[in-house]
Amino acid sequence: MQDSGKLETALFFSAFPYRRRFLHFIKEHNKNITISNEPWNVKQNIQLLKYFYNKNQINYAISKTQRYLKNQKNFHFNQIILWNEPEYSYLLKQIYDPPIVLFIKSSNGKMLNFNEYDSISIVGTRNPFPVSLLATDRVVELFSIFKNSDELVKQIGKVHQTQLKLFRENLRKNQKMIATVSGFARGIDYRVHKSSIFFNVPTIAILGSGIDFVSPKKHLKLFLEAVSNHQEFYLVSEFFPSYKAGKYTFPLRNRIITGLSQYLFVMQAGEKSGALISTDYALQENRDIYCFDHPFFDNLIHNDGNKKLIEEGANVLKIEV
């Protein structure tokens, strides 16, 4: 576990309600938070917070942090990464509104360094068709083959089953591994993580809750499977550990999903799909969007979100299923 000063600082700053531009303001003005035991007694920290929060909110955050530390016997996370540490994703740091702290639970005890991975984010509807699930499996299988994300997106749709062995034999060693990033929700998200475990691809789940209250709870079985097999599976949250998911937490989570990768794959999205929130973030942050399409969807409305994105200039994700 982290040293007590870092732990208290992370808990304290995550105890505040979300305020857009908070970390942007810190970066813009060349300021920084001070890591300390009892960080609320550090003048510089309180001065920063007063730009966005009132006295009652600050006092509440102090009380919340102290109660948690007093009552929590076992922590459900084994790592904390603050925004200015070298393990923090350089891509995520570039977005307009990055999280100030990330709580992480690793399946195999390994400390996560986001910059050791070449990540691709994959999102989609909670109610996908089988063809979208099969395409998701296929994409993740390719992740286990290619050297990096640039090579993968260049070749996507060109590789055939007979070539898989050849690619595996010609992989260069000591390259960054491609990792999958998704949201741990049902549907496409869950399939991304499940396929990653099957093909032994590192996977990163961004939670819409604190790390003490993973939702859906039944999906933890997949994480425990990775624990048993000593595979790389990371649960990641910016929220105070005991914070429960709410309507606004999932859209916030989406900016992290897209922020961690240069590429966003949308496997299936209806016209009003929540996955389109991720594409909005991706467009704002100049990420490359790839949308899966299939003849099966031609006369159905269940992929209208993807079709619209393709019409507006998104790349077509060509996957043989």
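The values are calculated or read from the model by the stated rules, or taken from the named source; none is laboratory data. Note that the structure is a prediction, hence the values are computed from the model and not measured. Reconstructed Cβ throughout: ideal geometry from the backbone, glycine too, with neighbour counts over all protein chains shown.
Condition check: in the same structural domain as residue 282 (by TED's automatic domain parsing) and modelled with pLDDT of 90 or more. Does residue 121 satisfy that? Considered against the rule, which asks whether it is in the same structural domain as residue 282 (by TED's automatic domain parsing) and modelled with pLDDT of 90 or more, residue 121 comes out as yes. For residues in segment 65-100 being in a helix (DSSP H, G or I) and out of contact with any helix residue (DSSP H, G or I) (no Cβ under 8 Å at 6 or more places or on another chain), which is nearest to residue 13 (Cα to Cα)? So, considering only residues that are in a helix (DSSP H, G or I) and out of contact with any helix residue (DSSP H, G or I) (no Cβ under 8 Å at 6 or more places or on another chain), the one nearest to residue 13 (Cα to Cα) is 66. Scanning segment 12-30 for residues that are over 19 Å from residue 92 (Cβ atoms) and loosely packed, with under 13 Cβ neighbours inside 10 Å gives 17, 29, 30.
Within segment 82-99, restricting attention to residues that are under 14 Å from the mean Cα position of the chain (by Cα) and among the hydrophobic types (A, V, I, L, M, F, W, C), the residue that is surrounded by the fewest Cβ atoms within 10 Å (Cβ to Cβ) is 91.
Every condition in (1) within 25 Å of residue 15 (Cα to Cα); (2) at pLDDT 95 or above holds for residue 213 except the one numbered (2).
Looking only at segment 101-116, count every residue that is touching a residue at least 60 places away in the same chain (Cβ under 8 Å) and either over 18 Å from residue 13 (Cα atoms) or β-branched (Val, Ile, Thr) (or both) and tell me the total. Walk me through it before giving the result.
To start, the set of residues in segment 101-116 that are touching a residue at least 60 places away in the same chain (Cβ under 8 Å) comprises 101-108, 110, 112, 114, 116.
Now drop any that are not either over 18 Å from residue 13 (Cα atoms) or β-branched (Val, Ile, Thr) (or both), which leaves 101, 104-108, 110, 112, 114, 116.
Looking only at that region, the number is 10.
Does residue 273 fit the bill of being in the same structural domain as residue 150 (by TED's automatic domain parsing), in a loop (DSSP other than H, G, I, E, B) and among the hydroxyl-bearing types (Ser, Thr, Tyr)? Yes; evaluated as a whole, the condition is true for this residue.
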